[in-house]
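**Q** Please see the structure below; I have some questions.
Nothing in this text is a laboratory measurement; each read-out follows from the coordinates by a stated rule. Here the structure is a predicted model, which is why all the values come from computation and not from measurement. Here the Cβ positions follow ideal geometry from the backbone for every residue, glycine too, while neighbour counts run over all protein chains shown.
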């Protein structure tokens, strides 16, 4: 599975986290995603029907991040991967979810993140 389509740096506002304040105030989440599929047919045909629409991938990620509150980044990543595999014709997906504003008292770090890889079947 060497062929992949990448969408990087998708930023959304969501209400996820373990702390009540995170669920009430919300925060930014940044998502990178790779969808794996044989892209040779699309390369030969130049037809959108032979590939995966970036718009469809983006909407799936947006719906999850802007949807119902979850406690863990792991859960968000799993929901995104599951939806992509169920709804799109892809062989596998890699999802990275970052939380830039980490609510850890006294913390100095750019972000925290979770990255997962899932295959169909």
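**Q** Kindly provide the helix-only [θ] at 222 nm of the chain, computed as the sum of -39,500 (n - 2.57) over DSSP H runs of four or more divided by all residues, to the nearest 500 deg cm²/dmol?
**A** Value at 222 nm, helices only, nearest 500: -9500 deg cm²/dmol.
**Q** Could you work out the relative contact order of the chain, using alpha carbon pairs under 8 angstrom and six or more residues apart, expressed as a whole percent?
**A** Working: 219 pairs, mean separation 32.8, N = 121.
Normalised by residue count, the contact order of the chain is 27 percent.
**Q** First measure r as the distance between the Cβ atoms of residue 74 and residue 38, then evaluate 1/(1 + (r/R0)^6) with R0 = 22 Å and state the FRET efficiency to the nearest 0.05.
**A** 0.15
**Q** Further question on the same structure: Helix 73-87 sits at what angle to the longest principal axis of the chain, using alpha carbons and giving 0 to 90 degrees rounded to 10?
**A** 20 degrees
**Q** Test of understanding: what is the full-extension gain from residue 25 to residue 110, defined as 0.36 nm times their sequence separation minus their Cα-Cα distance?
**A** 28.6 nm is the gain from fully extending residue 25 to residue 110.
**Q** So, one more: Helix 54-65 sits at what angle to the longest principal axis of the chain, using alpha carbons and giving 0 to 90 degrees rounded to 10?
**A** Value to nearest ten degrees: 20.
**Q** Over all distinct Cα pairs, what is the inverse of the mean 1/r for the chain, reported as the Kirkwood hydrodynamic radius in Å? It would help to have the intermediate numbers written out before the result.
**A** Working: mean 1/r = 0.0662 Å⁻¹.
For the chain, the Kirkwood estimate is 15.1 Å.
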